[in-house]
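Enquirer: I have a structure I would like to understand better, so I am pasting it below and will then ask my questions one at a time.
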Amino acid sequence: MIGFIQSVLNILLLPGLAFTLIASILLAGIDRVLVARMQRRVGPPVLQPLYDVLKCLGKETIVPRKANEKVFLLAPAVGLISVLVTAMFLPIGNVSAIRTNADMIVILYLLTLASVTLIVGSAASGSPFAGVGLSREMVAMISYELPLVMVMLTVGFVCGNGLATFSLAKIGAYQAANGPLLLNPVLWPAAIALLFVIPCEVGQQPFDIDEAETEICEGVLAEYSGKPLAQFKMMHNVKMYVMSGLFCALFLNIQTGFFLADILIYCVSCVLVTFVSMSVPHAVTARFRVEQVFKFYWTVVTGCAALSLILVWIGL
Amino acid sequence: MAKIPYLGTALTNLFRKPVTIDFPAGEAPKAQPNYRGRIAFDGTKCINCGMCERVCAPSCMTRVAKPLEGGEPGDQEITFTFDMTSCTFCGMCADFCAKKAITLTDDYMMTGTQPEDFLVVGKVIKKAPPKPKFTPEQLAAMKAAAEAKKKAAEAAKAAAEGK
Amino acid sequence: MLFDLDKKINEAIDDAASKSLWLYHINAGSCNGCDIEIVAALTPRYDAERLGCKLTGSPRQADIVLVSGPVTLQSRDRLIRTLAQVPEPYCLVTVGSCPCSGNVFKGSYAVCGPVDKYRHVDVSVAGCTPKPEAIMAGIAQAAAILKEKRKGMHE
Amino acid sequence: MENFPILAIMTLFMGAFINSLVGRRSHKARVAVVFTTMAISLLLVVSMVPAVMFRGEIITYWMGGWAPEAGWAYGIGLEVDALSLFFGLIVTIAVMVSGTYSFTYMKRDDSQVNFYTLFLMLAGSVLGLVLSGDLFNIFVMVEIMTFTAVALTAFRNDTEGALEGAFKYLVVGSLGSVSILTGTILIYGCLHTLNLAQIADLAIHTRNPVMVVAFGFLFVGFCTKAFMFPFQPLAADAHAVAPASISMMISGVLTKCGVYGMIRLVYVLFQNIGQTHVQYLVTGMGCLTMFICVTMAFNQHNFKRLLAFHSISQVGYVITAIGLGTAVGLGAGLYHAINHTLFKGLLFLVAGAVQHQTGTLDLDELGGLSKKMPKTTLLFLIGAASISGIPPFNGFASKWMIYQSIFSKAVNTGNIFFLLVCIVALLTSVLTLASFVKVAQSVFFGQCAVLCRDAEECEKGMRIPMWVLAILCVVLGLFPDQFGELFLKPAAGAAMGADVYAAAMLSGKAVTSMPAIYGYIGTWSPIVWIVLLLIVTAGMTIFSVSAPIRKPEALGEGEVEDEHVLPENAKYEPFFSGEESVHSHVTGSDLFWGFKENWKKYFSFWHDWHSGIVNDYELYGVVFLAAALIYCILFI
């Protein structure tokens, strides 16, 4: 029974729901402040994402005439839930809300599900901007899915010592045994590849070709207002937290003895990953064109991922 | 990889003070010298010649003349209203005002919700011109007397030359 | 609801309504003087993001609609249509003197009068290109009005 | 229980002939005859399941009582082990569903009697092929199947390209039949027997080149029947013109016969799946087909042609999984085979419903059907979600098992070839998702096209079969472990245990052994349900906030959806950056510009390769036959 309560508490509070929501809002806020500071301006208050989401909740929801109303309103809810459930799988130290022995594949599919709900929602909104936006989102998905899978295979293969594992618990145990994987030079290209994948997966500035305000008027979210928009914005924030959490789980899983230190290290490393992978590109480069994103991911990033896969394969 | 542009400056900016002015919290910074902002109208200098109204492109100024209550019958109280929302702040009125009654201050904070917030109103008191000492009839009479005297003088001079 | 939780949530949302202002800019035939001033307000020196401002691409996500330009004949229908597509509660802020009165173009056959004819203007910022600080002051004023509007919605 | 197999096959054939007698009188008589025959055969096959599947027995039946004498099998035998019954189940379920669907779908066509006669003969021949234990009997059933399928493809000969598609299918299909026949003749020449069990016994010992050539011929023959790499344009042309229920039969059932033949050939007859070169051949073929067909499907303009290419690429998945040679791989392949029949059948029936209502299948002309046909849209979403492997549906479960089996095979053997196969498999699933997003956007969502203005929901008679398939898709997706235990393990065991198969046939009863398939991990533990519940309730409390949802009032009857809306009341018009919203539906063909831009050369090469000329396809077939034979001679 205690085990049951323990796992329910795990889900509800710590690595689960409450922690995810707070962490994702703070992480998104810190990201915006860092980008602002890099442009030498003061930047919004750290809780700005919370205000954005609350304000959107308060606004009126307009369902356009050409939209398919049920799918239009349901898609954001499914997207948010799928991303929140993904966050359940991420371990802090070695404690994670839900534990299966094939976490990575579930995470991969739930992230795909989140992108698919974004696509189906925008398809249902019946606006031409959304049509173009969803095709760009699909191209982005095709481009980052390949390197993401290769990195997961590499890490799974390294930590499996023999039989490849997809479970984050085993990866955590392996890293606890012989140091976080980031120190292992063979895996540096894989880490770089994952760092490149994160901004495109989340839809952050240089790669947010699906919600490009200037080109296609908020593309995918052109017709969204009010509560569905709040859910999509919240999904964007939680995805940012999930992807940096995934990087920490795969490469930076430092497990000290007691839990509080783990949490602190986890938060600091999440902020660091967000800074390196999302804030710096946002402040430094402009938005990519559609086929540039595709060409960039399938040549440079896949090259890095393949390099480390081959190195690991040869048995280094 | 090609050198990523601005990466160096971006990272060093992190540790430098942001350049943002703390305006909504602090007070607004002063505008540059001789900035053409809100119009200031000095009613005492104005002689109501109307040059500013003629020269104003968006015709943002209206003049209303009303007889002054307390003054003598001929006095006028002219109210100038400058509508800031239709002014282009070109400063033509200030240049052409002979008496330099209109000046453009450097107050640029012109926001408001009602139209009244944008009106600059000035009053000009115009004294009636002094009443002439003689009424027109008296003038006619005086003129007629002057003619008569001149004619009498010429008649006398003609008589004198005749002698 | 239990110990008036929904009242607390509504108060939090009213407060958030004045802290997260998404701007949507409509150029109703302006000479682009005010447009670059609006964008200048987002640059590091003035940084409207401190008030929570962010330029959005679609009117469906707008809280504050900035209109610049004297509503030319061509842009009249488009202005009305776009304003109809913005969800309540939102504020209309006119930037520069053209939208308020048509400035030097007043009375021309191609100018369809001030924006006030089509929808009540909440805040207007005068100046032929108002300075970015003036625009930010206008936005701050609009934020306060937005809070009242949002409170009015759920009373 | 003995003669259930022959009864099941005979009822279908007898039903075909009775229908041609009785069916002329009235539609009701026709429906009665056809439905009862299908129901009886389904019942017979299902009643065999407890014996064969759960207890592992093997039912053997000798036609005409010609039992084997002195170890030599003279007569034609039917042998039903778990593998045959598994495919038997697939066949009968698909036949049942597409039969009931075509009752309403074919109502407007004339000469329906011939349709149902051919349909029942197709069903009978396919069931016969799957249950038969004799190689020549398999060839006879293949012939009947091919000819009935060709006739049914060209059934609606008024549609443009129907006769041409059927002709192409006949010509290139006969190449496959000829190669199966030559293979059978060569084996008979060598081993003097046609009985599968006896061949299985003798084939291991006789290692002469004639057997290798026979293997090559049979391999190419079954590749043709499963429309593998060089033969996939065949399927695309045939599907695009066939009526929907027949397309479902072709893609759902005929391809499975090719897969069944491949499994029998490689696991039971020659038992040479152990050699890595055979694994390379089979997995390579599967991988090649998978990738090429999904990229070809990517820029199709016809709904059914796109579905056809997808069905071939999913069959490529199945063949890849089978080529691994491990029990897990075979189990995953079989699981994906039945899932593919279910969701592909569902998608074809949805395509049929769309064609039935709007009259066209061109992706560029359709649009916005979700408002007119909401139920069909929901069915389409279930089918599309299962084929692209979205979690709760069955596609996800079987694709996951396939990835795990490929990846563990790659790790165990340390062979880089299988790692590339795994990456190609994952990439193909993303491209499948991409093309179904394209179909969803251009057919169901987006703005309503001119053609779809007056389309309304299809009749209930068509929707019931679709709901049966959709429910099966969901059920199989939610309980993969239980399904694996009950069906996959015995089927894989039967395929792996060739000696048991031979012993049962020749010398009486034997029980199939159960290999260890570590199942897919059930994440549906109670904790997951609590999480979902809590998140939903949290969501509800947030939504209690008072913010109205404004919807345009529904159109009164008689009012038509007017394009020109005054600027004042444009609140519910889509945002068009101020302009009046004209009809501008983003169709499928101009999506994914970024992706196609980079791969221009690749796409144009394959576009020319599918030239549509029969002798090109025949040429590809013969070249492939030659290459396969050379490969077999060199390596096996």
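Enquirer: Give me the helices (runs of 4 or more DSSP H) completely within segment D:580-636, filtered to those with at least 1 residues that are farther than 29 Å from A:Y297 by Cβ, ordered by residue number.
Expert: Qualifying helices (runs of 4 or more DSSP H): D:614-635.
Enquirer: Let me ask you something else. Just a yes or no: is a residue in segment A:118-140 part of a helix (DSSP H, G or I), of a type in the set (A, V, I, L, M, F, W, C) and more than 10 Å from chain D (Cβ to nearest Cβ)?
Expert: Looking for residues that are part of a helix (DSSP H, G or I), of a type in the set (A, V, I, L, M, F, W, C) and more than 10 Å from chain D (Cβ to nearest Cβ), one finds at least one in segment A:118-140, hence yes.
Enquirer: Which residue pairs have Cβ atoms under 9 Å apart, sit 6 or more places apart or on different chains, and have a first residue in segment C:8-22 that is facing chain A (nearest Cβ under 7 Å) and without any contact (Cβ under 8 Å) to a residue 60 or more places away in the chain and a second that is surrounded by fewer than 23 Cβ atoms within 10 Å (Cβ to Cβ) and among the basic types (K, R)?
Expert: C:S20/C:K54
Enquirer: Still on this structure, I have one more. If you go through segment A:116-131, how many residues are in contact (Cβ under 8 Å) with a residue 12 or more places away in the chain and surrounded by fewer than 24 Cβ atoms within 10 Å (Cβ to Cβ)?
Expert: Matching residues across segment A:116-131 total 0.
Enquirer: Ok, one more. For segment A:85-115, enumerate the residues that are touching a residue at least 60 places away in the same chain (Cβ under 8 Å), within 8 Å of chain D (Cβ to nearest Cβ) and under 24 Å from D:S429 (Cβ atoms).
Expert: Residues satisfying the conditions are A:M88, A:I98, A:T100, A:N101, A:A102, A:I105.
Enquirer: Next question. Select the helices (runs of 4 or more DSSP H) contained entirely in segment A:229-316, then report the ones holding at least 2 residues which are within 14 Å of chain D (Cβ to nearest Cβ) and farther than 17 Å from A:L146 by Cβ.
Expert: A:302-314
Enquirer: Right, here's the next one. Taking segment D:408-427, which residues are without any contact (Cβ under 8 Å) to a residue 40 or more places away in the chain and not in a helix (DSSP H, G or I)?
Expert: Correct list: D:G414 only.
Enquirer: Might you let me know whether segment D:428-443 holds any residue that is free of Cβ contacts under 8 Å to residues at least 40 places away in the same chain, more than 10 Å from chain A (Cβ to nearest Cβ) and in a helix (DSSP H, G or I)?
Expert: The answer is no; no qualifying residue exists.
Enquirer: Let me ask something else. Can you tell me which residues in segment D:330-371 are over 20 Å from D:A470 (Cα atoms) and not hydrophobic (A, V, I, L, M, F, W, C)?
Expert: D:G331, D:G333, D:Q357, D:T358, D:G359, D:T360, D:D362, D:D364, D:E365, D:G367, D:G368, D:K371 - these are the residues of segment D:330-371 that are over 20 Å from D:A470 (Cα atoms) and not hydrophobic (A, V, I, L, M, F, W, C).
A quick yes/no check of all residues on (1) under 24 Å from A:L113 (Cα atoms); (2) in a helix (DSSP H, G or I):
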| position | (1), (2) |
| --- | --- |
| D:L342 | yes, yes |
| D:L346 | yes, yes |
| D:Q355 | no, yes |
| D:T376 | yes, yes |
| D:G383 | yes, yes |
| D:I390 | yes, no |
| D:A397 | yes, yes |
| D:Y403 | yes, yes |
| D:I406 | yes, yes |
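Enquirer: Here are D:R108, D:R24: which of them is outside any helix (DSSP H, G or I), surrounded by fewer than 22 Cβ atoms within 10 Å (Cβ to Cβ) and without any contact (Cβ under 8 Å) to a residue 24 or more places away in the chain?
Expert: Going through D:R108, D:R24 in turn, just one is outside any helix (DSSP H, G or I), surrounded by fewer than 22 Cβ atoms within 10 Å (Cβ to Cβ) and without any contact (Cβ under 8 Å) to a residue 24 or more places away in the chain: D:R108.
Enquirer: Of all residues in segment D:265-317, which are polar (S, T, N, Q) and either surrounded by fewer than 23 Cβ atoms within 10 Å (Cβ to Cβ) or in contact with a Cys (Cβ under 7 Å, 6 or more places away or on another chain) (or both)?
Expert: Within segment D:265-317, D:Q271, D:N272, D:Q275, D:T276, D:T295, D:N299, D:Q300, D:N302, D:S313 qualify.
Enquirer: Are any residues in segment C:108-128 at the interface with chain B (Cβ under 9 Å from one of its Cβ atoms) and either surrounded by fewer than 18 Cβ atoms within 10 Å (Cβ to Cβ) or in a loop (DSSP other than H, G, I, E, B) (or both), and if so, which ones?
Expert: Of everything in segment C:108-128, those that are at the interface with chain B (Cβ under 9 Å from one of its Cβ atoms) and either surrounded by fewer than 18 Cβ atoms within 10 Å (Cβ to Cβ) or in a loop (DSSP other than H, G, I, E, B) (or both) turn out to be C:P114, C:D116, C:V121, C:D122, C:A126, C:G127, C:C128.
Enquirer: Something else about it: Among the listed residues C:L66, C:L42, C:L79, C:L83, which satisfies the condition of being assigned to a strand (DSSP E or B) and of a type outside the set (S, T, Y)?
Expert: Exactly one residue qualifies, and that residue is C:L66.
Enquirer: Step by step: first the residues of segment A:21-78, then only those that are among the polar types (S, T, N, Q) and under 22 Å from the mean Cα position of the chain (by Cα), then the one that is farthest from the other protein chains (Cβ to nearest Cβ). Which residue is that?
Expert: A:S24
Enquirer: Scan segment D:34-50 for residues that are buried (at least 22 other Cβ atoms within 10 Å of the Cβ) and either within 20 Å of D:F115 (Cα to Cα) or without any contact (Cβ under 8 Å) to a residue 12 or more places away in the chain (or both) and jot them down.
Expert: D:V34, D:T37, D:M38, D:S41
Enquirer: Please specify each residue of segment C:60-82 satisfying the condition of being surrounded by fewer than 24 Cβ atoms within 10 Å (Cβ to Cβ), of a type outside the set (G, A, S) and at the interface with another protein chain (Cβ under 9 Å from one of its Cβ atoms).
Expert: C:R76, C:D77, C:R78, C:I80
Enquirer: Under the condition of being more than 7 Å from chain A (Cβ to nearest Cβ) and touching a Cys at 6+ places or on another chain (Cβ under 8 Å), which residue from segment D:404-419 is farthest from D:G323 (Cα to Cα)?
Expert: D:A410
Enquirer: Do we find that A:Y144 is closer than 30 Å to A:I265 by Cα and without any contact (Cβ under 8 Å) to a residue 24 or more places away in the chain in this structure?
Expert: no
Rule-based calculations on the coordinates, nothing more; no lab input. Because the structure is a prediction, the values reported are computed rather than measured. Every residue, glycine among them, receives a Cβ derived from its backbone with ideal geometry; neighbour counts consider all protein chains shown.
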